[in-house]
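Presented below is the structure to which this report refers.
The values are calculated or read from the model by the stated rules, or taken from the named source; none is laboratory data. Keep in mind it's a predicted model, so treat the numbers as computed, not measured. For neighbour counting, all protein chains shown are included, and Cβ atoms are generated from backbone atoms with ideal geometry for every residue, glycine included.
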Amino acid sequence: MLEPTGKETETYEPPKLVVPVDPSRDHIQGDPKAVLTLVEYGDYQCPFCGAAYPEVKKVQKEIGPKLRFVFRNFPLTNVHEFATVAAETAEAAGAQGKFWEMHDFLYEHQRTLGDHSVALGYAKKLGLDTQRFERDISQHVYQKRIKDDFMGGVRSGVNGTPTFYVNGVRHDGPAEAEAMIESLTAKS
């Protein structure tokens with residue numbers, strides 16, 4: 001006969017976001033002081049992140065100004081050979097004030113991530129200083145930032161992409177708008 005251990009009543013607690021949102025560092029869409037926060041650790045080459053991208057857009061549209069959305073890089077380089085350069089591409093655009101435009105472009109054009117000329121063409125269209133843009137990417141200027149995002153994710157319990165945090169708590173439900181909206185509104 002098995003004896004009770006006392007652990008039978010323990011409940012699962014999802015991991016917490018270890019690195020708090022920092023408006024001076026993080027890429028934030030929406031009001032930096034919004035009452036609801038959705039943080040994504042993502043990989044631009046990950047097909048699951050690509051599928052979650054329009055779901056996040058639905059969440060933003062549904063919740064509106066009460067939501068701030070934060071994106072942090074979590075390139076899975078062991079399975080996605082272009083993930084790091086894609087993250088560097090977004091960061092290089094971000095240094096010139098166009099992070100979100102490039103972020104959206106990369107997800108909307110995932111199949112072209114191996115062709116740098118596609119992102120460069122878009123950088124030109126955005127009016128970026130393309131010499132600086134290309135230099136920043138080739139010199140890996142944002143490698144530390146990307147690594148810091150990645151390590152913050154590891155410390156916060158990220159074990160795959162996409163991983164979402166709702167108001168500082170990992171969202172273990174599906175990466176679908178309805179589930180994320182339910183989780184966000186339950187926490188408000």
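Quick look at the values:
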read-out: Flag for Thr89 being touching a Ser or Thr at 6+ places or on another chain (Cβ under 8 Å), β-branched (Val, Ile, Thr) and either under 22 Å from Gln143 (Cβ atoms) or in contact (Cβ under 8 Å) with a residue 24 or more places away in the chain (or both); value: no
read-out: Residue in region 134-147 that is more than 18 Å from Thr84 (Cβ to Cβ) and not polar (S, T, N, Q) present; value: no
read-out: Test set (1) of a type outside the set (Lys, Arg); (2) in contact (Cβ under 8 Å) with a residue 60 or more places away in the chain; (3) under 15 Å from Glu91 (Cβ atoms) - Pro162 fails condition number; value: (3)
read-out: Residue among Glu13, Glu55, Glu62 that alone is of a type in the set (Asp, Glu), more than 22 Å from Arg145 (Cβ to Cβ) and at pLDDT below 95; value: Glu13
read-out: Of the criteria (1) free of Cβ contacts under 8 Å to residues at least 40 places away in the same chain; (2) crowded, with 17+ Cβ neighbours inside 10 Å; (3) of a type in the set (A, V, I, L, M); (4) touching an Asp or Glu at 6+ places or on another chain (Cβ under 7 Å), which one Ile137 fails; value: (1)
read-out: The lone exception for Lys144 - which of (1) within 26 Å of Ser24 (Cα to Cα); (2) in contact (Cβ under 8 Å) with a residue 24 or more places away in the chain it fails; value: (2)
read-out: Positions within region 41-94 being outside any helix (DSSP H, G or I), among the polar types (S, T, N, Q) and within 20 Å of Pro23 (Cβ to Cβ), in sequence order; value: Asn73
read-out: Tally, over region 96-134, of residues that are surrounded by fewer than 17 Cβ atoms within 10 Å (Cβ to Cβ), closer than 22 Å to Tyr53 by Cβ and among the small types (Gly, Ala, Ser); value: 3
read-out: Scan of region 55-71 for residues that are within 23 Å of Leu113 (Cα to Cα), touching a residue at least 24 places away in the same chain (Cβ under 8 Å) and not aromatic (Phe, Trp, Tyr), ordered by number; value: Glu55, Val56, Val70
read-out: Residue match in region 98-106 (condition: under 26 Å from Asn159 (Cα atoms), touching an Asp or Glu at 6+ places or on another chain (Cβ under 7 Å) and in a helix (DSSP H, G or I)); value: no
read-out: Residues that are out of contact with any helix residue (DSSP H, G or I) (no Cβ under 9 Å at 6 or more places or on another chain) and of a type in the set (Asp, Glu), drawn from region 148-171; value: Asp148
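Listed here are the residues, each with its yes/no results for (1) charged (D, E, K, R); (2) surrounded by fewer than 19 Cβ atoms within 10 Å (Cβ to Cβ).
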| site | (1), (2) |
| --- | --- |
| Asn78 | no, yes |
| Glu81 | yes, yes |
| Tyr142 | no, no |
| Gly153 | no, no |
| Phe164 | no, no |
